[in-house]
Amino acid sequence: MFDPFFHIHHLCEVDSTNDRAKELARQGAPEGTLIVAETQRAGRGRRGRSWSSPHGGLYFSLILRPPIPPEYASQLVVVTAASLYRALHRRSLPVSLKWPNDLVAGGKKLAGILVEGGFASQGLSFAVVGVGVNVNGQPPIEGATSIEALTASPQGKEEILQDILGEMKAGYLAYLAEGIEPALADYRRGCITLNREVIIIGPEGKARAKAIDVGSRGELLVEYPDGCRRLVFADEVSLRTC
Ligand code: ATP
């Protein structure tokens, strides 16, 4: 039984669950509307990168309407990543968070998050929180892993979806009631990027730095070899760990 918070649209195939969710949100679909698809023809990651979405994976997008200013929408990445981390960790999967929006296990990518906002003159009118998790089958691309690959047995997708949604709802309600701190504490705990040397790839080229902390809007505090510190934002840079 699914929680009545979620209004579920289950599709066999779709171009992108985020695009479908954004269409529905613009048409006035309520908070909690959830698009789940068995496969995506054109799943997306950040900056239009493709998200490989074969059968066996979980692909869903959730419409939220949090009363927050647009510049806080990036907090929903933190809230979602912390929720996914808790849900998968509870299943004893050896997962970590890789800043800003990935879950990894054994250095390979298991899941990704894509949050997109819908803006109106008065601020954020909706946010679409997209999640892709490699559950069953072989890892879809090199550098990826799946829950089946990690556990050596196929897993119940429905049960995993329920666990994740339970954590996402709890995480979201805690965020609305208490702010970002509880999610941020879980995010920092699970974040494998922190205290590591990283290469920041941004508009000005590549730079080596040490990842120090994650800030309240999900930004990364880094320290350069000369001791200078700076905040980097997920929409500006890509990161490689050294
Ligand atoms: P960055 O390199 O900037 O940190 P990212 O790792 O956060 O980007 P996203 O843009 O979130 O990546 O996701 C897209 C990337 O994820 C693709 O370019 C591809 O490398 C990888 N990818 C695509 N499909 C899958 C999948 N099903 N499982 C794991 N990784 C995938």
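Scanning the stretch 101-144 for residues that are over 25 Å from V214 (Cβ atoms), within 15 Å of the ligand (Cβ to nearest atom) and among the small types (G, A, S) gives a single hit, G137. On inspection, P100 does not qualify as surrounded by fewer than 21 Cβ atoms within 10 Å (Cβ to Cβ), assigned by TED's automatic domain parsing to the domain that holds L176, within 28 Å of G137 (Cβ to Cβ) and touching a Ser or Thr at 6+ places or on another chain (Cβ under 9 Å).
Scanning the stretch 7-26 for residues that are surrounded by fewer than 19 Cβ atoms within 10 Å (Cβ to Cβ) and assigned to a loop (DSSP other than H, G, I, E, B) yields a count of 1.
Which residues, taken from the stretch 228-242, are closer than 24 Å to K109 by Cα and in a strand (DSSP E or B)?
Step one: list which residues in the stretch 228-242 are closer than 24 Å to K109 by Cα, which gives 232-242.
Scanning the stretch 228-242 gives V232, S238, L239, R240, T241.
Name the pairs: first residue in the stretch 100-114 and over 18 Å from F233 (Cα atoms), second residue within 6 Å of the ligand (Cβ to nearest atom) and assigned to a strand (DSSP E or B), Cβ to Cβ under 6 Å, at least 6 apart or on different chains? Close Cβ pairs satisfying both conditions: K108/A144; K109/D102; K109/A144.
Residues that are farther than 30 Å from E148 by Cα, more than 10 Å from the chain's Cα centre (by Cα) and hydroxyl-bearing (S, T, Y) occur in the stretch 125-132; there is at least one.
For the stretch 27-124, the strands (runs of 3 or more DSSP E) that sit wholly inside it and include 2 or more residues that are of a type in the set (V, I, T) are 33-40, 108-120.
Within the stretch 88-100, if we keep just the residues that are touching a helix residue (DSSP H, G or I) at 6+ places or on another chain (Cβ under 8 Å) and over 25 Å from S216 (Cβ atoms), the residue that is farthest from the ligand (Cβ to nearest atom) turns out to be R90.
Taking the conditions exactly as written (in contact (Cβ under 8 Å) with a residue 40 or more places away in the chain and surrounded by 18 or more Cβ atoms within 10 Å (Cβ to Cβ)), does R65 satisfy them or not?
Numbers: in contact (Cβ under 8 Å) with a residue 40 or more places away in the chain: yes; surrounded by 18 or more Cβ atoms within 10 Å (Cβ to Cβ): no.
No.
If you take the residues in the stretch 209-227 that are touching a residue at least 40 places away in the same chain (Cβ under 8 Å) and either in a strand (DSSP E or B) or of a type in the set (S, T, Y) (or both), which one is farthest from E71 (Cα to Cα)?
Going residue by residue through the stretch 209-227, those that are touching a residue at least 40 places away in the same chain (Cβ under 8 Å) are 211, 214, 216-220.
Filter again for either in a strand (DSSP E or B) or of a type in the set (S, T, Y) (or both), leaving 211, 214, 216, 220.
Values: A211: 22, V214: 16, S216: 11, L220: 15 Å.
Among those residues, the one meeting the criterion is A211.
Taking the condition closer than 30 Å to E23 by Cβ and assigned to a helix (DSSP H, G or I), does E159 pass? So E159 passes the test.
Only residues that are within 18 Å of G227 (Cβ to Cβ) and either at pLDDT below 95 or away from the ligand (no atom under 16 Å from the Cβ) (or both) were counted across the stretch 188-203, and they come to 1. Residues in the stretch 24-43 that are under 20 Å from the mean Cα position of the chain (by Cα) and not aliphatic (A, V, I, L, M): E31, G32, T33, E38, T39, Q40, R41, G43. Can you work out which of the residues in the stretch 27-45 that are touching a Leu at 6+ places or on another chain (Cβ under 7 Å) and surrounded by fewer than 18 Cβ atoms within 10 Å (Cβ to Cβ) is nearest to N101 (Cα to Cα)? Here the answer is G45.
The values are calculated or read from the model by the stated rules, or taken from the named source; none is laboratory data. Note that the structure is a prediction, hence the values are computed from the model and not measured. Heads up, the Cβs are rebuilt from the backbone with ideal geometry, glycines too, and the neighbour counts pull from every protein chain shown.
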